[in-house]
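Taking it in order: structure first as structure tokens, then the write-up.
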Amino acid sequence: MWLPIYLQYRKALGAYRMQCGDQQEFDLMEVPSRIDSDERRDDGADDSQRGFFGMIGSRIGKQRGDVVPNLHTREALLLLQNYEESGQGWFWSTDAKGQLTYITDSVARLMGRTSGQLLGTSFTELFLPVDSHGERQRTLPFLLTKQSKFDELPLRSAFEGDDRWWAISGRPQFEGSGKFTGYRGSGTDITAQRRSAEDASRLALYDSLTGLANRFNISKKLDSTLAAFAQQQRVCAIMLLDLDRFKQVNDTLGHPAGDALLKQVAQRLLKIVGDKEMVSRLGGDEFQIILPDLEDRGKLGDMAADIIASLSQPYSVEGSRCIIGASVGVAIAPFDGLSSDDLVRNADLALYAAKGNGRGRFSFYSSDLHQAAEIRRALEDDLRDALVRGEMELRYQPVVNAKSNMVTGVEALIRWTHPDRGVISPSVFIPIAEEANLIWPLGEWVLRKACEDAVNWPGDMRVAVNVSPIQFANDDLPKIIANALATTGLAPDRLELEITESVFLGDSADTAKMFKALKGLGVRLALDDFGTGYSSLSYLQTAPFDKIKIDQSFVRDATVAGSRNGAIIAAIVALAEALEMETTAEGIESLDQLELIRKLNVSHVQGYVYSKPVPHAELLDHAEAGSWTIKPAGPARQRNDRFSLFRKVGAIHDNHRYDVVIRNLSSTGAFIEGILDVPLGTQFVIDFGEGQLVTATVRRSMKHQQGVEFEQTMVSDGNGGLCTRHRVSPYLIAAATQSTAAMALPMFTTTSDWKAV
């Protein structure tokens, strides 16, 4: 932009020479950057300090004596002098080899050098060979080599500590004979414009609050990743995250606190994921993570669990302690979708399933989730009238003294028998009730019904009732409990309320007030699911609990070599004893677990090793017989969790597929039905569908039932089920389908064949 001004100056200077009668050739760019020491201004200042045009003006004055340029020439001279001295624009020249013969001294100083130090160096060395985006900047050396003119070429300073951007313009110079003599040009500072453009680009691609990629950015990145990976037959997983109870933080502490919390969430995610460009905030409390080349559902499940655990740890926000949670949905390309729309939709469906199963969970996508979502919506409609139709009942699971085997109390557990779907697990309908605002009438019914039943039991056996955080937050809870006790005549100390740690997420003053009101009724209080992610010793100082219930997650694997769960249980027991509280270990199923619990001095036990939840009529039979003592019974050692299934799968042997039914699935094996008289040691490939294949060996064979052992251990799907760690790629399945020969004839007889005979 300043090169034309320079040319105007040369024109003005030519006019000045004609006016003065000077016939000497005078080239501005041939003036050295420094003048001899004897060439001084009258005021003693070095002309070089006045810049290029200040120096030229001095020389003109010396050569012409008292001759003064006309007004036009003087103005042009002053204009360019001020421009060069400002540092915003500057001039440069090179010889035919591209070496500097002139550079504005003030700009040289900005680069951390003097003009004298830069003279003789290559002009290209002043600038970085790559730009801020990592793209090679080949245009400058190319243009200089080709002797081409250029305008406003953006270049970044190469000198350490100088992060300026310059727009460089240049013109090749030739002698009268056409010989190339070098370049002359100008430069302007475009740093501010460049940074402004980068800021605008950053706002368009990144979340202004957290600094993470925004929805637009991550969507484009996912599109490009999936397109490239589809051609290369590679995999890519995504996670969708939704914060649990974040709205409560905004409502209680305000939106500035919510913003501060989101920043901390972003930092925790980055610490786990590692790659900033692969983590995004979609908006509100929703986040998305891209995980290229990762399809191992064992590793993905571990990462999801780590994310949930990390985000569930307490936060310090504006002097307040906040605790939230997170739920995660996972989908993997190409198994769960090839396009970004399909993959995100299916990950969102998995997230919905995770939240629906109690929050604080993760879930992998499966095609069953579409049907599950429809079933969930139907169950919500049916649940609204379930109480009126008399479909709910209570079952009671004994709580047993660990030393005497005597039943000291029971826990009331709600059960729903659907007229069409049969028995529905509380893990399914309780989250639905909480989301649909049905938990309050259900909870009130359980409380009243438990009191009505317990008042008829002989002796002083207690009944425990679960109180949800939603019920706990209702100011009417003490009144409803008092009314239930008064109506039924149940002694208050025979009612035990089981309260989870999540009640401490709300206002501490309101929480303390509720505890005081409940304790004033004379009821007992138990801290349920202790140690599952929200534990803080601080609230045990003030909360008037009578009992701590040790979550079954600590009991599980406590007897496995190398497990630290036993040490954790011992610490909880010591804490409870110091606070004069009882302890109950939940989920005890095997004799070795019971033995360990006894050694650790846990006072009470609850689990299948003593009894499953029983109907009220059966409880009455035991209670009326006098003291209820149960002899523990169960497997000698802890077994892998088993899931009762009735699901059709494929069993492949010698290229023939048999339709079988799978039962009692565990991580290491299962029972299958449908094939007759299979020899021990026979190997099958069990096809669970959706690319889930497991090699299995028959270890037990009983006519139409076979117990099989898996070669590859299955992993948790995050929702209480199991899945294979890896899946066969659809790319491989398609290729195999095209090249597979005719299937072999069946070797074994199936039950359907047998029945047909």
Notebook entry, point to check: Among LYS547/LYS631; LYS97/LYS179; LYS247/LYS547; LYS263/LYS355, which pairs are too far apart, with a Cα-Cα distance over 20 Å?
Noted result: LYS547/LYS631; LYS247/LYS547; LYS263/LYS355
Next item on the list: Return VAL446, VAL249, VAL328 ranked ascending by Cβ neighbour count within 10 Å, so the fewest neighbours appear first.
Entry: VAL446, VAL249, VAL328
Check: With the Cα gyration tensor of region 216-366 giving a ≥ b ≥ c as the square roots of its eigenvalues, does the rule (a/c under 1.5 for rounded; else a/b larger than b/c for prolate; else oblate) give rounded, prolate or oblate?
Finding: prolate
Next item on the list: Arrange the following residues from fewest to most other Cβ atoms within 10 Å of their Cβ: GLU160, GLU152, GLU286.
Entry: GLU160, GLU152, GLU286
Note to self: Could you tell me how far the Cα centroid of region 150-210 sits from the Cα centroid of region 444-473, in Å?
What the structure shows: 77
Next item on the list: Please list the non-local residues whose amide H lies under 5 Å from the amide H of ILE675, H modeled 1.01 Å from N, same-chain partners needing a gap of 5 or more.
Entry: THR751
Next item on the list: Per residue, how big is the convex hull around the C-alpha atoms of region 424-576? Give it to me in cubic angstrom, could you?
Entry: 143
Next item on the list: Measure out, as a whole number of angstrom, how far apart the alpha-carbon centroids of region 684-709 and region 374-391 sit.
Entry: 37
Next item on the list: Using a/c under 1.5 as the rounded threshold, could you call region 177-280 rounded, prolate or oblate? The axes a ≥ b ≥ c are square roots of the C-alpha gyration tensor eigenvalues, and prolate needs a/b larger than b/c, oblate otherwise.
Entry: oblate
Checklist line | Förster-model FRET efficiency, 45 Å R0, ALA305 and GLN117, C-beta, rounded to 0.05 | finding: 0.15
Checklist line | Between region 224-249 and region 277-324, the alpha-carbon center distance in angstrom | finding: 12
Note to self: So if I place +1 on the C-beta of Lys and Arg and -1 on the C-beta of Asp and Glu, and nothing else carries charge, what would the dipole magnitude of region 376-624 be about its Cα centre? I want it in debye, nearest 20.
What the structure shows: 280
Next item on the list: Among ILE675, ILE289, rank each residue by its count of other Cβ atoms within 10 Å, from fewest to most, as a rough exposure measure.
Entry: ILE289, ILE675
Checklist line | Shape of region 365-502, Cα gyration tensor, a/c cut at 1.5 | finding: prolate
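Here, each number is a calculation from the coordinates, and none is a lab measurement. Here the structure is a predicted model, which is why all the values come from computation and not from measurement. We place every Cβ from the backbone using ideal geometry, glycine too, and count neighbours over all the protein chains shown.
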